[in-house]
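Every read-out reported here was derived from the displayed coordinates using simple, explicitly stated rules and does not represent laboratory data. Treat the numbers as computed from the prediction; the structure is a model and nothing was measured. Don't worry about glycine lacking a Cβ; one is built from the backbone with ideal geometry, like all the others, and counts go over all protein chains shown.
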Amino acid sequence: MTPASRGFLGRRQTDVDPARVPAGQYVTAGFPVLSAGPTPRTALDRWTFTIRGADFEPVSWTWHELLALPAEELTTDIHCVTKWSKLDTAWTGVPIDTLLAGIDTAATYALAFCDGGYTTNVPLADLTGGKAWIAHGYGGASLPPEHGGPARLLVPHLYFWKSAKWVRGLELGSEDVPGFWERYGYHNYGDPWKEQRYHGD
Amino acid sequence: MERAALPRRLNWQLGDVVGLVSESGQARTITLRVPGWRRHLAGQHVDVRLTAEDGYQAQRSYSIASAPEDSAVELTVERLPDGEVSPYLVDELREGDQLELRGPVGGYFVWTESLGGPLLLIAGGSGIVPFRSILQHHRLTRSSAPVRLLYSVRTPEDLLYSKELMRFATSDDVDVNLTYTRAAPAGWHGYARRIDGEMLAEVAWSPSDRPLIYICGPTAFVETAADLLVAAGHDTARIRTERFGGTG
């Protein structure tokens, strides 16, 4: 039982539906930026998105090929492990299901890789079935570089570090390989509704 | 790159507030005795959780200001306008209170003596806090890695740890550079503008020296500094950043 903090009243957010805010989170109107290094800038004519794995031929899309794929507009809530949540964020993105459609694999895990060297691991089942996208638009415009543009992985049902910025591809395999933050003590799966922030949560 | 932390559970712990020092009109340093504290690395942060009488809770993250070698854990917290947790920590918390925290958290924005240098630290505003831990760790380990600090503040009143920074500056190994972006002290002959390429060229090591670079501050500050350093030819893999979200 946690003792009360003497004199702390708190500022409960009365204008948000508490059912949409996981434990330990607060809602912000801003869009904070968190990254481990400089913002990479890759020229779009050299940009590709690649899905590779041991049991199939790698598949790549150029920037123009990705944009030519049917995109979905979606509005969703996002939850950052650093405690902020942002409701009703509007994205444009290509469903991962679309990208995986032509790939026959026994893989069960994905490791997203990115410009700047960032990686993050997600079970493949969390990327399929309409749960994840390669997002290239935000708020009706192109995705700004500081928020992961030209394109980022979007997996809104997990903490937002799983929605890798500057994503360049997915490595599929049968082994769960911890990504960047996962190797620095953050939770391997990262379900905000179970408050899985750090190892052991 | 640091060896990854081993999987372990981070439990909430209660720390006793044993000291409070006002650093500026907006910030103060909280000294905590935390029984069973797991020694941190310089640059890491903690989660702090406040609980109201009715059970309502609020959590935020704060950088650790003290060195790993220090037996106490110090946090320096800046009061944010419209903040929920920071005004409590800056204005309400008293000696003798207890504060709930868990950590240390984060393993990348850290410096240990074994990482060596040369070291370039670039701070905007309260982004100086993790660098106090790094500078103390540097001194306590008698590291010979040369350090250059560039610290940007709006006014002299916003300068945190001013006396301590002056003491660091007397070391042959540490070079302290300040820039005031809104108002400089009377008679100031140093930088009095926002960071720019010319300032970084003067303060930073040359890219050929391969400095290990840490940048901490508000998002726009970090983006500007990191972009300028990358454009000047510094290796992106040797630039580590921590952006303060500015909420809380």
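Once you sort the root eigenvalues of the Cα gyration tensor of segment B:170-215 as a ≥ b ≥ c, which label holds: rounded (a/c under 1.5), prolate (a/b larger than b/c) or oblate (the other case)? Oblate, because a/c is 1.5 or more while a/b does not exceed b/c. When the GluC sites (Glu not before Pro) in segment B:1-94 are filtered for DSSP coil states and for at most 16 other beta-carbon atoms within 10 Å of their beta-carbon, the remaining sites are B:GLU2, B:GLU53, B:GLU69. What shape does chain A have by the C-alpha gyration tensor, where a ≥ b ≥ c are the square roots of the eigenvalues, rounded means a/c under 1.5, and otherwise prolate means a/b greater than b/c and oblate the rest? Judged from the Cα gyration tensor, chain A comes out prolate (a/c at least 1.5, a/b above b/c). The ranking of B:VAL21, B:VAL147, B:VAL230 from fewest to most other beta carbons within 10 Å of each one's beta carbon is B:VAL21, B:VAL230, B:VAL147. In plain terms, the residue of B:SER162, B:SER126 with the fewest other Cβ atoms within 10 Å comes first and the most crowded comes last, giving B:SER162, B:SER126.
Can you list which of the trypsin sites (Lys or Arg not before Pro) found in segment B:28-88 are DSSP loop residues with at most 15 other C-beta atoms within 10 Å? Sparse-neighbourhood loop trypsin sites (Lys or Arg not before Pro): B:ARG38, B:ARG39. The ranking of A:LYS131, B:LYS163, A:LYS83, A:LYS194 from fewest to most other beta carbons within 10 Å of each one's beta carbon is B:LYS163, A:LYS194, A:LYS131, A:LYS83. Counting only lysines at least 8 places from A:LYS165 when in the same chain, those with an alpha carbon closer than 29 Å to its own are A:LYS83, A:LYS86, A:LYS131, A:LYS194.
The gain in end-to-end length when the B:ARG38 to B:ALA72 segment is fully stretched comes to 11.1 nm, 0.36 nm per residue minus the alpha carbon separation.
The A:ARG20 and B:ASP209 beta-carbon pair, evaluated with R₀ = 51 Å, returns a calculated FRET efficiency of approximately 0.55. Segment B:25-80 and segment B:183-245 have their alpha-carbon centroids 27 Å apart.
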